[in-house]
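Q: For reference, the structure I am asking about is given below.
The values are calculated or read from the model by the stated rules, or taken from the named source; none is laboratory data. On a predicted model such as this, the values are computed, not experimentally measured, just so you know. A quick note on method: Cβ atoms are made from the backbone with ideal geometry, for glycine too, and the neighbour counts reach across all protein chains shown. Protein only, heavy atoms only, side chains kept; ligands, DNA and RNA dropped before computing areas. Shrake-Rupley method; radii C 1.70, N 1.55, O 1.52, S 1.80 Å.
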Amino acid sequence: MHHRPTAPADIDPGVLTALLHRHGWQPHGSRTGPCTRWTPPPGHIAGPVSLLVPAGRAFPDSGDLLAEAVAALVRCPDPTARDILTGLTAPTDEIRWTRDTTHPAPRGTGPWATADTAPWTADTHLRTAARRLLLAAALAVHGPARHHGARHRRSARRLLEPVLVGTAPAARALTAFVPVDPGRPLTERLHHALHATRDAVDYERATGRPDAFDTAVAAGAGRELTEALITLVHRTQGAAVTLAWAPAAGPPGGCAARPEPVEFTPGDLPALRRASVRYLSDEPAVPVRVTGTVVRLRRAAPHGPGTVRLRVLTGADVSHLRVTLDEDGYRTAVRAHLAGLPLRVAGRLESRSGFRHLTGARGAEPVQVDEAERERLLKAHEED
């Protein structure tokens, strides 16, 4: 993770104080005095490091003190110093994942003999879960759905581009830094989706009824989120996700100023797995009429039906589709491919394929467009 140097003139002493407090640094001296001295969190080996932070800009030499504080943070070997510097570069929300792996399976015993016993394995596992949770939240920003599948992936990944992910000390904790602009919708949606999913799990475990998972979809819950939580909790004694809002921006409306960690345990896994299956099976197929360029043709015999792969230009929120065509439709696709023309076809996108497979294909026909129009369609689809 990289951060650019922060100019002391741009630093708000209140923001720096809030970040130091958030990351466990210890204040010394009077809280009401003009300055407070801060030292790294207890138990961290950081050497003789301390910061003198003014209470505000009105204090004489506040600029010099803030410059010295930033310089000390840059030199400080404590991992929290890097996180604080990242939070100072721009208003940034933080998402922190923690996993309790105090009692991993002993090496060489049982079916999970290699489970998370190597630090790099645990680190990979944690990062995979974190990426899936971020992607689930980014997809939910686009709109609620029980199962997004391959839909809206490009716009979701664009939303995730400015997110910085830190290191994972001991492979048990990981922090992502999400710039408020443009990432606040991401953290806000994740906040609501996690709490709604936690409430739904509690309700099902208490009543045996899964109804609350249906209600949670509007908050951003869905198959992608439940699968990410399953990955996060699997092979642990429990896991938690904690959100912290950028001090300079404050919390969004309807959210607690200091959200409590949202925790999940292995006992929640059966409910999460059942919800994931329901989300997949209950998401309806989508009727579409798509236009795309033929990039692959395949059939098992010289005659009969065949399968084509389309690079989608318009009509569906996925990049590629697999389409099964009858013999006439397959011949039409071959002619379109040889002529360099897009193919238009109607059918249904099925949720079980992640909306990557068009079934019930009908009305296949080549589309007469010039090269400039085809490039325009392709560019418009990629930007959608």
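Q: With runs of 4+ DSSP H residues as the only contributors, calculate the mean residue ellipticity of the chain at 222 nm using -39,500 (n - 2.57) per run, divided by the residue total and rounded to the nearest 500.
A: It lands at -12500 deg cm²/dmol.
Q: Just to be sure I follow the definition: excluding the sites themselves, where is the longest run in the chain that has none of the trypsin sites (Lys or Arg not before Pro) in a DSSP loop with at most 13 other Cβ atoms within 10 Å?
A: Longest stretch, sites excluded: 108-384.
Q: How many percent of the accessible area of the chain is carbon or sulfur, using a 1.4 Å probe?
A: Carbon and sulfur: 53 percent of the exposed surface of the chain.
Q: Could you go through the stretch 354-361 in sequence order and give the Karplus-derived ³J(HN,Hα) for each residue, using 6.51 cos²θ - 1.76 cosθ + 1.60 with θ = phi - 60°, rounded to whole Hz, and x for Gly and Pro?
A: Taking θ as phi minus 60°, the curve returns x, 6, 9, 10, 8, 10, x, 5 Hz for the stretch 354-361.
Q: Which one of D61, D326, D78 has the biggest mean-square fluctuation once the chain is modelled by GNM with Cα springs under 10 Å?
A: Among D61, D326, D78, the largest GNM mean-square fluctuation belongs to D61.
Q: So if the hydrodynamic radius of the chain is defined as the Kirkwood radius over C-alpha pairs, what does Stokes-Einstein give as its diffusion coefficient at 10 °C and 1.306 mPa s, in µm² per second?
A: 66
Q: Right, another one. What are the residues whose amide H is under 5 Å from the amide H of H147, where those residues sit 5 or more places off or on another chain and H is modelled from the backbone?
A: Hits under the 5 Å cutoff: R223.
Q: Something else: Modelled label-to-label distance, Q26 and R348, 7 Å Cα→beta-carbon offset: nm?
A: In this crude label model, Q26 to R348 measures out at 6.5 nm.
Q: Moving on to the next point. Among W38, W245, W97, which one shows the highest mean-square fluctuation when the chain is modelled as a Gaussian network with alpha-carbon springs under 10 Å?
A: Evaluated over the chain, the most mobile residue of the options is W38.
Q: So, one more: Size of the stretch 267-348 along its principal axes in angstrom, Cα-based, largest extent first?
A: So the extents along the principal axes, rounded to whole Å, are 57, 29, 18.
Q: Simple spin-label model, 7 Å along Cα-to-Cβ: T215 to S281 in nm?
A: A separation of 2.3 nm, rounded to one decimal place.
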